[in-house]
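Structure, as structure tokens:
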Amino acid sequence: MTFLLLSAAALAAYYYLRCPRTPGGGAGASAAARARQLRTPSVRIAEALNIPTQRGQEAGRYAVAAEAEKRTAARINPLRREGWVVLHDLALPSGRANVDHLAISPSGVVIVLDTKRWSARYPAPVRARGGRLLHGDRDVTDRLRGLRHETSTVSRILGVQAIPLVVMDGARIEGGELTYDGIRIIPAERAPAVLRSIGSTRTSRDAQALAALATSHFPPYTRKHNR
């Protein structure tokens with residue numbers, strides 16, 4: 001047993017020291033960084049011994065969220081070839097919140113996307129009932145609060161009305177998609193088509209000026225918070 005513990009400790013230390021402390025940014029970077037932070041040597045030892053821990057489970061959730069954000073990025077990044085500006089994992093000027101994805105269409109429509117990785121194991125889809133948003137039998141209404149705050153901040157700083165959009169990775173949505181209290185919730189695979197539709201609106205905004213303003217006020221999250 002002692003040998004097993006020592007071996008697990010050595011393995012955990014090896015991977016911990018090998019893991020970069022400051023990730024390079026990009027979609028899911030802050031969630032991945034949080035997962036690494038939670039997987040301390042003691043957590044890695046427990047995982048090597050198949051012992052569940054609260055921190056290990058939380059790290060797993062962050063890692064899953066990071067992968068979901070990367071999938072969304074892979075879906076919408078090709079829009080850049082059509083003149084879109086697409087940015088990922090951005091820090092707000094204050095606080096610890098982040099913007100998963102920010103898309104600016106060639107006509108100047110600004111869209112704030114939030115990737116949600118909710119389990120598909122519930123038999124009931126994501127749905128609105130009695131003024132609340134439900135996932136299975138869980139009330140998840142408050143999980144949209146962050147997106148509201150992020151969209152409000154982006155709107156204020158860019159001087160436009162940004163549009164919030166939830167990209168659902170995993171969970172089914174009643175009716176294929178829904179709009180709850182002004183927030184549209186769509187399946188992840190439909191993100192490019194929905195963005196094209198929303199972004200086709202003609203505006204008098206200068207898309208390049210908005211993009212320059214966004215990049216100056218919303219730096220990559222990991223760059224700002226890992227100095």
**Prompt:** What number comes out for the charge environment of Pro52, summing +1 per Lys or Arg and -1 per Asp or Glu over other residues with Cβ under 14 Å away?
**Reply:** +2
**Fill in**
Expressed in angstrom and rounded, the centroid-to-centroid distance over alpha carbons for the stretch 42-81 and the stretch 151-198 is 22 Å
**Length-normalised contact order for the stretch 133-227 - Cα pairs under 8 Å, 6+ apart - percent** = 18 percent
**Message:** For a quick check: with amide H placed at 1.01 Å from N, whose amide H comes under 5 Å from Ala124's, ignoring anything fewer than 5 positions away on the same chain?
**Reply:** Gly136
**Request:** Report ³J(HN,Hα) in whole Hz for each residue of the stretch 141-157, in order, from the Karplus equation J = 6.51 cos²θ - 1.76 cosθ + 1.60 where θ = phi - 60°; Gly and Pro get x.
**Result:** 3, 5, 6, 9, 4, x, 5, 4, 4, 5, 5, 4, 5, 4, 4, 5, 6
**Request:** Compare the Cα positions of Thr115, Leu92, Val140 along the charge dipole of the chain (+1 at Cβ of Lys, Arg; -1 at Cβ of Asp, Glu; about the Cα centre) and return the one farthest towards the positive end.
**Result:** Leu92
**Asked** How much length is gained if the chain between Ala193 and Ser155 is pulled fully straight, taking 0.36 nm per residue apart and subtracting their Cα-Cα distance, in nm to one decimal?
**Response** 11.4 nm
**Item:** Note, ³J(HN,Hα) from phi for the stretch 178-195, Karplus 6.51, -1.76, 1.60, rounded to Hz, x at Gly and Pro
**Value:** 8, 10, 10, 6, x, 10, 7, 10, 10, x, 4, 5, 8, 4, x, 5, 5, 4
**Item:** Net charge, Glu177 excluded, C-beta distance under 14 Å - Lys, Arg +1, Asp, Glu -1
**Value:** +2
**Request:** Please find, in a Gaussian network model of the chain (springs between Cα atoms separated by less than 10 Å), the residue of His101, His149, His88 whose mean-square fluctuation is greatest.
**Result:** His149
**Request:** With runs of 4+ DSSP H residues as the only contributors, calculate the mean residue ellipticity of the chain at 222 nm using -39,500 (n - 2.57) per run, divided by the residue total and rounded to the nearest 500.
**Result:** -13500 deg cm²/dmol
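Rounded to the nearest 20 Debye, what is the dipole magnitude of the stretch 2-225 about its Cα centre when Lys and Arg each give +1 and Asp and Glu each give -1 at the C-beta?
Charge dipole, the stretch 2-225, about its Cα centre: 240 debye, nearest 20.
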**Complete:** Contour minus Cα-Cα span, Arg55 to Asn77, at 0.36 nm per residue, comes to 4.7 nm
**Derived scalar couplings ³J(HN,Hα) [the stretch 80-86; Karplus, 6.51 cos²θ - 1.76 cosθ + 1.60; whole Hz; x for Gly, Pro]** = 4, 5, 9, x, 6, 9, 10
**Prompt:** What number comes out for the charge environment of Tyr62, summing +1 per Lys or Arg and -1 per Asp or Glu over other residues with Cβ under 11 Å away?
**Reply:** +3
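Quick note: the coordinates plus some simple rules give every number you see, no bench work behind them. Keep in mind it's a predicted model, so treat the numbers as computed, not measured. Cβ atoms come from the backbone with ideal geometry, glycine included; neighbour counts cover every protein chain shown.
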